[in-house]
Amino acid sequence: MLSVEIRQASPIALDARFSCRNGETLVLVGPSGSGKSTILKTIAGIYRPAAGRIEVDDEVWFDSAAGLHVPARRRRAGLVFQGYALFPHLTVLSNVLEAVPPGPHRRRVERAGEVLASVKLAGLESRRPAQLSGGQQQRVALARALAREPAVLLLDEPFSAVDQATRERLYEELANLRGQLKMPVVLVTHSLQEALLLADQMCVLHHGTTLQTGTPQEVMTRPHSVEVARLVSLKNICKATVLAHEPAAERTILDWNGLRLEVGLQAQHPVGGAVSWVVPSGAILLHRRDRPSHGERENPVPCDVRHCVAMGDMVQITLEPIHSRSEHLATTLSVHVAARNHVTTGESVVVSLLASGIHLLSSPRAQR
Amino acid sequence: MDWEALRLSLLLAVATGLLLIPAGVMVARALAYADFRGKSIVEAAIAIPLVLPPTVLGYYLLTAMGGASPLGAYYERMTGSPLAFSFEGLLVGSLIFNLPFALIPMERAFESIPVEVRQAAECCGLSWHRTMWRIELPLAWPGIVSALVMTIAHTVGEFGVVLMVGGNIPGETRTIAISIYDRVQAFDMGAAGAMSSFLLVFSLVTLALTNRLSRRIW
């Protein structure tokens, strides 16, 4: 179990706390400059923050209150650097061998060979990093990090320096490897796709502060704030007023600029108060022109189609609600659904917002 | 050909290189990685021999080594002979005027090692010594070779400081550069030409060797 708490005001403002269980992958996600890499380096011991505490499996690596800072070379942390930071003058085998813990040389060479085989690099032992592809270099870096038998594995944007095809192959390999890893894995990325693909837990960071930690499903559908919703690229963020809570019917009623919305009960928001709400594009259902269905009674919203952008076999649709034209709803349809229902720019359509998908957010602006 | 002068020049060059490079590696590494108040002044002081006229540097060294100076008096008390106009004095002068030729290439070489590579060594659990031996020295190798060759070549060819500090004592302080000057003064152009040709070939071979040895192996 990795437990992290870091605080400092400068030179990089940090206020981060999270924990990650053994065998779990926690993804730190946030925009560039949000302090993700600094947090990773703090765990590894190559950056010392002003205050905080880092504990791994009952072993304290950093405790500012006790004046304790275990140097990086004595922490069992395997770190894969963003640019890999391989030793350019050493062979693949030597790169990995340097990280294998002390012991008889023959046993260490065997161990390095095992780790290289586990990342599918057997046969490339005598090559130098410059003679490898980006994907192979990434695997050497991973092998070197694992060779140390780390108590925690730290991956700093490990896929940023490889092409898309290699990246997708490496995602799959890392996803497979995760099953065999017993230690906590912390992965840093600014790619939401990577986070959703690889995370057991997702921690959203902004300006060095952890805003929300939870499963990808929780964070993507139940963001704590407007800020988190924006950081995880949720587009459909609107404002409304809470009209009533109906616990018996397990619903909350909203007034969305004159349109009544029924949402799942979220009684923590006071009646009469302004709120922001978010709905994932998957909870926006298009009413079919040819065959009306029962579900269309759920929060129907007449809209004009503002934009249609074809992206391969999908179409990105931007809708302008007729009753609230300053706000927009974005959703995605397959090309044939869009064509069958005449969804083109300027057309009028009706969509339903699924009550279970609408999530109310706390935001300073909404609370004003 | 003044073989005695050649032997003395090579001895001075090798002694300077052997003393300056190992100590210089540590100083250059510290200057490359450390950030402290007054660092630019220290770096400027090291680079002074590059811009100061050799006679000026020679004058200060001669003054510092003379019997009236604390260093000169101490040396004379300990050894019974003066430091100025001796091989040992020449060696001290050589160590000082070679500081920039030895330190600057090595400092740049250490600076060129990416900080992530050094951090990776730390994260691999490597000790300070092992990081130095296995990672930093091999990566800084081209700069170290350049420093050694520049030091040797510069020592063999130095004239002004050597003349000021050592004078022209055969077998003691007369280096090959002084000997060439001495032969020209005596209109012995044949000997001066032979020694100059030797220095030209020596410099060419040394630089070619440097280019080969300092080539990156990765």
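The values are calculated or read from the model by the stated rules, or taken from the named source; none is laboratory data. Not measured: the values here are computed from a predicted model. All Cβ positions, glycine included, derive from the backbone under ideal geometry; neighbour counts span all protein chains shown.
Scanning the stretch B:163-218 for residues that are of a type in the set (D, E, K, R) and more than 14 Å from chain A (Cβ to nearest Cβ) turns up B:Glu172, B:Arg174, B:Asp182, B:Arg183, B:Asp188, B:Arg212. The set of residues in the stretch A:10-22 that are surrounded by fewer than 18 Cβ atoms within 10 Å (Cβ to Cβ) and either within 14 Å of chain B (Cβ to nearest Cβ) or small (Gly, Ala, Ser) (or both) comprises A:Ser10, A:Pro11, A:Ala13, A:Ser19. The residue of the stretch A:55-64 that is nearest to the other protein chains (Cβ to nearest Cβ), among those that are in a loop (DSSP other than H, G, I, E, B) and closer than 29 Å to A:Gly179 by Cβ, is A:Asp57.
Once the stretch A:170-191 is narrowed to residues that are out of contact with any Pro (no Cβ under 9 Å at 6 or more places or on another chain) and of a type in the set (A, V, I, L, M), the residue that is surrounded by the most Cβ atoms within 10 Å (Cβ to Cβ) is A:Val186. The set of residues in the stretch B:114-147 being within 11 Å of chain A (Cβ to nearest Cβ), surrounded by 19 or more Cβ atoms within 10 Å (Cβ to Cβ) and of a type in the set (A, V, I, L, M) consists of B:Val117, B:Ala120, B:Ala121, B:Leu126, B:Ile135, B:Leu139, B:Ala140.
For the stretch B:123-143, the condition holds for at least one residue, the condition being that it is closer than 30 Å to B:Gly58 by Cβ and modelled with pLDDT under 95. For the stretch A:1-22: of the residues being in a strand (DSSP E or B) and among the basic types (Lys, Arg), which is farthest from the chain's Cα centre (by Cα)? The qualifying residue farthest from the chain's Cα centre (by Cα) is A:Arg7.
For (1) under 20 Å from the mean Cα position of the chain (by Cα); (2) of a type outside the set (Asp, Glu); (3) closer than 21 Å to B:Pro22 by Cα, each residue gets a yes or a no:
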residue	(1), (2), (3)
B:Glu43	yes, no, yes
B:Leu57	yes, yes, no
B:Gly80	no, yes, no
B:Ala84	yes, yes, no
B:Gly89	yes, yes, yes
B:Glu116	no, no, no
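Residue count for the stretch A:134-183 satisfying the condition of being among the small types (Gly, Ala, Ser) and at pLDDT 90 or above: 5. Among residues of the stretch A:105-134 that are exposed (fewer than 13 other Cβ atoms within 10 Å of the Cβ), those with a beta-carbon under 8 Å from a residue that is of a type in the set (A, V, I, L, M, F, W, C) at least six positions away or on a different chain give the pairs A:Ala122/A:Leu116; A:Ser126/A:Val92; A:Ser126/A:Leu93; A:Ala130/B:Trp218. For the stretch B:83-126, the helices (runs of 4 or more DSSP H) that sit wholly inside it and include 1 or more residues that are touching a residue at least 12 places away in the same chain (Cβ under 8 Å) and closer than 30 Å to B:Gly160 by Cβ are B:87-97, B:99-111. The residues on offer are B:Ser203, B:Ser197, and the sole one that is assigned to a helix (DSSP H, G or I), small (Gly, Ala, Ser) and in contact with a helix residue (DSSP H, G or I) (Cβ under 8 Å, 6 or more places away or on another chain) is B:Ser203. Within the stretch B:157-207, the set of residues being surrounded by fewer than 14 Cβ atoms within 10 Å (Cβ to Cβ), touching a residue at least 60 places away in the same chain (Cβ under 8 Å) and of a type in the set (Gly, Ala, Ser) comprises B:Gly171 only.
Taking first residues from the stretch B:15-43 that are in a helix (DSSP H, G or I) and partners that are of a type in the set (Lys, Arg), the Cβ contacts under 9 Å between residues at least 6 apart in sequence or on separate chains come to B:Ala28/B:Arg108; B:Leu31/B:Lys39; B:Ala32/B:Arg108; B:Tyr33/B:Arg118. Only one of these conditions is not met by A:Thr210: (1) surrounded by 15 or more Cβ atoms within 10 Å (Cβ to Cβ); (2) out of contact with any Leu (no Cβ under 9 Å at 6 or more places or on another chain). Which number is it? The one condition A:Thr210 does not meet is (2). If I ask for residues that are basic (Lys, Arg) and over 19 Å from A:Glu59 (Cβ atoms), which ones from the stretch A:17-49 would you list? Across the stretch A:17-49, the qualifying residue is only A:Lys36.
Of the residues making up the stretch A:23-54, those that are surrounded by 18 or more Cβ atoms within 10 Å (Cβ to Cβ) and assigned to a strand (DSSP E or B) are A:Thr25, A:Leu26, A:Val27, A:Leu28, A:Val29, A:Gly52, A:Arg53, A:Ile54.
The condition of being more than 14 Å from chain A (Cβ to nearest Cβ), over 25 Å from A:Pro71 (Cα atoms) and touching a helix residue (DSSP H, G or I) at 6+ places or on another chain (Cβ under 7 Å) holds for only one of B:Glu111, B:Glu107, that being B:Glu107.
Residues of the stretch B:79-113 that are crowded, with 20+ Cβ neighbours inside 10 Å, among the polar types (S, T, N, Q) and at pLDDT 90 or above: B:Ser94, B:Asn98.
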